[in-house]
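The next block holds one structure in the form of structure tokens; read it before the comments.
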Amino acid sequence: MEYIKKAGKYLEGKKVIADTGYFTEENLKKADDEKLDTYIPDQQYRKRDERFRGSRKYKAKKSTRYTREDFRYDKENDSFLCPNNKVLRVDNKNVKIKDYEGKRYAARQADCSGCKLRKKCLRSETTKKRNLFIAKKKYLNNYSAKMVEKIDTDYARDIYAKRMGIIEPAFANICFNKKLNYFTLRGKAKVNIQWLLYCIIHNIEKISHYGKELRLCGS
């Protein structure tokens with residue numbers, strides 16, 4: 001989001017559409033600080049969209065591993081019992097994963113090494129022991145949750161769908177038709193010049209095609 005610094009207040013109140021790669025708490029906070037009307041979906045948004053329900057690509061995969069619900073919590077000892085009745089004790093009290101903080105509970109390696117339930121519990125044959133991460137709260141501001149709520153509305157989905165007609169064709173034309181698959185120059189200044197030259201070509205082509213359409217329409 002460095003471009004915002006250079007743009008000043010020009011983008012304030014403007015609609016900004018970006019793909020899931022830009023869905024981070026830092027980017028969403030910056031957009032909010034700059035008062036941008038932003039539409040950036042999270043990586044799971046299509047799985048929540050009813051229009052994609054039944055699609056194999058976006059269908060949630062069922063886990064064959066034991067989940068948090070398969071472990072029984074012992075409040076008195078602050079520990080968990082696994083499906084094989086082995087104890088998972090607190091391994092780390094301050095763990096941060098993505099946007100969450102919480103505790104990590106771990107089993108003993110000796111308990112897991114010969115367990116008959118290993119295949120249903122551990123990620124792979126090389127995994128030494130089972131861990132459980134129990135989130136307590138989000139340690140960052142709630143910009144991500146707000147965006148998830150926003151992007152799930154019909155209005156936001158309609159706005160984001162316009163990205164396919166606004167952004168994707170330009171990159172498809174420049175990268176595929178014009179063969180700019182990678183930059184041939186080195187250094188930020190030279191790369192920027194090369195990119196701008198291709199953008200000029202792309203825009204000249206659009207103007208040319210627009211003129212042909214006007215002539216065909218008799219304008």
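The values are calculated or read from the model by the stated rules, or taken from the named source; none is laboratory data. Note that the structure is a prediction, hence the values are computed from the model and not measured. Here Cβ is always computed from backbone atoms with ideal geometry, including for glycine, and neighbour counts include all displayed protein chains.
Data overview
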{"item": "Hits in the range 142-153 (condition: part of a helix (DSSP H, G or I) and more than 14 Å from Gln44 (Cα to Cα))", "result": "Tyr143, Lys146"}
{"item": "Selection from the range 85-123 of residues that are exposed (fewer than 12 other Cβ atoms within 10 Å of the Cβ) and either among the hydrophobic types (A, V, I, L, M, F, W, C) or touching a Pro at 6+ places or on another chain (Cβ under 7 Å) (or both)", "result": "Ile97, Ala110"}
{"item": "Flag if Ala156 is among the small types (Gly, Ala, Ser), on the phi < 0 side of the Ramachandran plot and either outside any helix (DSSP H, G or I) or in the same structural domain as Tyr45 (by TED's automatic domain parsing) (or both)", "result": "yes"}
{"item": "Residue identified as in contact with a helix residue (DSSP H, G or I) (Cβ under 9 Å, 6 or more places away or on another chain), under 30 Å from Ile167 (Cβ atoms) and either at pLDDT 90 or above or outside any strand (DSSP E or B) (or both) among Pro83, Pro41", "result": "Pro41"}
